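A short write-up of the structure that comes next.
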Amino acid sequence: TVVSKDIQQTIKEKFGEDILTEVISMGVDSELFNPDKKDDQLREKCGISGPFLLFVGRLTEKKGARYLIESMPAILKDFPESKLLIIGTGEQHQGLISLANSSGLQESVIFAGAIPNNELPEYFATADIFIGPSIQAGGGDTEGFGLTFVEAGVSGCIVIGTDVGGIGDIIEHGKTGFLVKEKNPAAIADVLVSILGDEQKLAGIRKNARKKMVSQFDWQSIADQYALLLKSASAP
């Protein structure tokens, strides 16, 4: 079994088209990650009164956080009250802080560091938009699947990602979220600016994303897929 079509294709390229593989994704608890976890007090705690943008992940090359930070000046021109909250640590942490400071974004980019997993549902449900600007890093490393996109989507948060690795298995552009080209701050800014003022459109996408992602990625659905696979494998 593999968690995404991208990994499935890589295996077939390496070992031949005849190798048997089944795509069964990682799952989420859709009761734990739920729009009902929205908490306006969290906004106040973080000092956010305008659009709440969120990044969650290790601060490594393949997560592409620098491109999100580089998109902020263009976003702030149209939505000056926007704030980006970055949750996570990693080898690029200090470098990204320096990038934000040198770009004059000290008041607009908040580095929260590591936050316990059991507290993340409130952040996903409260944020307006989750952005994961992942890239294919040096050596070919990229997102195998992208579970945070599912966690955000089932929480009622709009998701923006790049079409690399397994992210395309999760986001259907314009219907359950948005896909942009990797390493492209202008593309990130363009999408954000185009949707931030259209709450009616965002409400529809939130509803579609929650419905689709629960049906595909809730743990019960994943368990059912494994059950069918095991029954098939053990059949005489």
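The values are calculated or read from the model by the stated rules, or taken from the named source; none is laboratory data. Only a predicted model underlies this, so the values are computations on that prediction, with no experimental measurement involved. Methodologically, a virtual Cβ is constructed for each residue, glycine included, from the backbone with ideal geometry; neighbour enumeration extends over all protein chains shown. What goes into the accessible areas is simple: the full protein's heavy atoms, side chains included, and nothing from ligands, DNA or RNA. Shrake-Rupley method; radii C 1.70, N 1.55, O 1.52, S 1.80 Å.
Tell me, rounded to the nearest percent, the portion of alpha carbon pairs in the stretch 70-169 spaced more than 15 Å apart.
Tail of P(r) above 15 Å: 68 percent of Cα pairs.
The ellipsoid that matches the Cα gyration tensor of the stretch 124-236 has semi-axes, each √(5λ) in whole angstrom, of 28, 19, 10, with the longest given first.
For the stretch 1-121, what relative contact order do you get, as a whole percent, if you take Cα pairs closer than 8 Å and at least 6 residues apart? Contact order relative to length: 23 percent.
For the stretch 203-236 versus the stretch 100-132, the spacing of their alpha-carbon centroids is 29 Å.
With the alpha-carbon atoms of the stretch 19-91 aligned to their principal axes, the span from lowest to highest coordinate is 52, 32, 25 Å, starting with the largest. With all protein chains present, how much of the accessible area of the stretch 84-228 (probe radius 1.4 Å) comes from carbon and sulfur, to the nearest whole percent? Carbon plus sulfur share of accessible area: 49 percent. Each stretch of four or more DSSP H residues adds -39500 (n - 2.57); spread over every residue of the chain, this sum gives -13500 deg cm²/dmol at 222 nm. Helix 93-102 and the longest principal axis of the Cα set of the chain meet at an angle near 40°. Across the chain, the relative contact order, built from alpha-carbon pairs under 8 Å that are at least six residues apart, equals 24 percent. Solvent-accessible surface of the chain, taken per residue with a 1.4 Å probe and all protein chains present: 49 Å². Within the stretch 1-156, all pairs of alpha-carbon atoms sorted by distance into 10 Å bins from zero give the percentages 10, 35, 33, 16, 6, 1. Could you pull out the GluC sites (Glu not before Pro) across the stretch 172-221 that fall in loop regions by DSSP (anything but H, G, I, E, B) with no more than 15 other Cβ atoms inside 10 Å? Here the GluC sites (Glu not before Pro) that fit, given the DSSP loop and packing criteria, are 172. When the listed pairs 183/207; 63/211; 183/231; 14/181 are checked against a 32 Å cut-off, the alpha-carbon distance exceeds it for 183/231. For the chain, find the longest principal axis of its Cα atoms and tell me its angle to the long axis of helix 219-234, 0 to 90°, nearest 10. Rounded to the nearest ten degrees, it is 20.
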